[in-house]
Amino acid sequence: MQAGEILRRAAFNGLDRLHGGKLAKIKAVNKREIVEGITEEYAQRRVEMLLEHAKKHSAYYKDYQNARDITDFPVMTKMKYNENKDTILCHMYQDKKDSLFQLKTSGSTGAPFTVLCDGDKMNRVNMNFISFMELNGFRMGMKRGEFRVWIPGKNVISKWKSFKNNLIMIDISNMGDEALAGICEKIRKDRIQVLVAYSSALVVLAGYLKRKNVDISKWDVEMVFAMGEALPQKTYDEIREIFGFTAVRSYGNNENGFLACQVGDEDRYTVDLYNFYIEMLSLDSDEPVKPGELGRIVVTDYYNKAFPMIRYDTGDTGIYKEVTDGKGRKHGYFTEIYGRRGSMMYNCKGEPLSIHVFMNVLINMEGIVHQAKCIQWEKKRYELLLNADRTRVNEEEVVASYRKYLGDEAQIDVTYVDEIPIEASGKRMVCVQKCPDYM
């Protein structure tokens, strides 16, 4: 469900272009069909076109020439994509890798992953994000504060780009009371209108605002947009109590874009069936579950022509249903989404850290660290489980990257494993809280 990089790219690679031309038309259609639904003919046509494209242009899928139905294709995971990325990439893009966009993520599962895409798909990522925002009252030109771990030299942007895109960088690498006081002052002083944050950051922010009885009467905030792991109901209710409106809960990932979003005060998540085909598969097999049953969320992306993503197992679980309205148009809804409820971690000072701190430290280790999980056993004692290439990994460098956020006093024990075990939720979590003082 992580979408930070999507948001960053949407903010810096196209929001200003959404005002006119072809992209504006696509966005208008996308918004309309999110609300009005799609026809069965559209879904069938898009699936067939994608499957034929993959069989013709991707070396990996040329072995599936006789496949006629999407269920004849394999279910793919991050690991499978990483292992076969060169053959999955379509042949007409093999010599154009440098010109393609990179949708890069470490993933909440702890598996670094990069998907290449062309300009059309990148434009659709931009459009997709703005469509969901506008359906919840967003207006072009509103000043947005984006909560994330901002790292100089990696994702920090220039003052000019920040000004041009009405975006304020709000760093959440430390969310202790002192840091939160500074964040609150920044929201007020910079007159931020939209808070875009991972759910884990909103949990801490809402708790702080309520605990400290912070006066927000002079704030200009009109919208709170939650990304990443599921926003707990308690925090959802606290935001409504504090701000007088409900937070917008979304679901997406860096590899595809925003997949679904709550619209208005609806409890369910409306799925973007214009861009994606959704399957719900059993937790222990690739058989479909019955409507309304818990299953693995498997996504087929219609529009990534460079790197076909067919039957991508996102690693998330949820409950999904499709309905056909009186006009014969199909709508998709997630009534529940699970799997991104990462345990809140604390540094040696007892200050809470976002789960995304632990995801960011892996981004530059793709191909070396395959999976990782940090476990906090005591206030200053942590264990780092590493599924890595032991001939290439620099253990001191990995430990130092974690200690940067945990603190100099952190005792970090490294344990090498062949696989990070799956949690009961169906996810391989990137951090787990086991300290009795914080449970």
| Yes or no: Leu180 assigned to a helix (DSSP H, G or I), open to solvent by less than 10 Å² (accessible area, probe 1.4 Å) and not β-branched (Val, Ile, Thr)? | yes
| task | Specify the residue that is modelled with the lowest pLDDT; the eligible residues are those in region 211-251 that are over 25 Å from Cys431 (Cβ atoms) and aromatic (Phe, Trp, Tyr). | result | Phe245
| task | Can you work out which of the residues in region 252-306 that are closer than 22 Å to Glu36 by Cβ and among the charged types (D, E, K, R) is modelled with the highest pLDDT? | result | Asp301
| Has region 352-362 got at least one residue that is open to solvent by less than 10 Å² (accessible area, probe 1.4 Å) and modelled with pLDDT of 90 or more? | no
| query | (1) open to solvent by less than 20 Å² (accessible area, probe 1.4 Å); (2) modelled with pLDDT of 95 or more; (3) assigned to a loop (DSSP other than H, G, I, E, B): which one isn't true of Glu409, the others all being true? | reply | (1)
| said: Out of the helices (runs of 4 or more DSSP H) lying entirely within region 70-163, which hold 2 or more residues that are touching a residue at least 40 places away in the same chain (Cβ under 8 Å) and open to solvent by less than 60 Å² (accessible area, probe 1.4 Å)? | reply: 78-83, 119-134
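Conditions (1) buried (at least 17 other Cβ atoms within 10 Å of the Cβ); (2) in a loop (DSSP other than H, G, I, E, B), marked per residue:
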residue: Asp215; (1), (2): no, yes
residue: Lys218; (1), (2): no, yes
residue: Leu231; (1), (2): yes, yes
residue: Tyr236; (1), (2): yes, no
residue: Gly252; (1), (2): yes, no
residue: Ala260; (1), (2): yes, no
residue: Thr270; (1), (2): yes, no
residue: Asp286; (1), (2): no, yes
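The values are calculated or read from the model by the stated rules, or taken from the named source; none is laboratory data. Given the structure is predicted, the values throughout are model-derived calculations rather than measurements. In this analysis, Cβ positions are derived from the backbone assuming ideal geometry, glycine residues included, and neighbour counts consider all displayed protein chains. Just the protein is used for accessible areas: all its heavy atoms, side chains included, with ligands, DNA and RNA removed. Shrake-Rupley method; radii C 1.70, N 1.55, O 1.52, S 1.80 Å.
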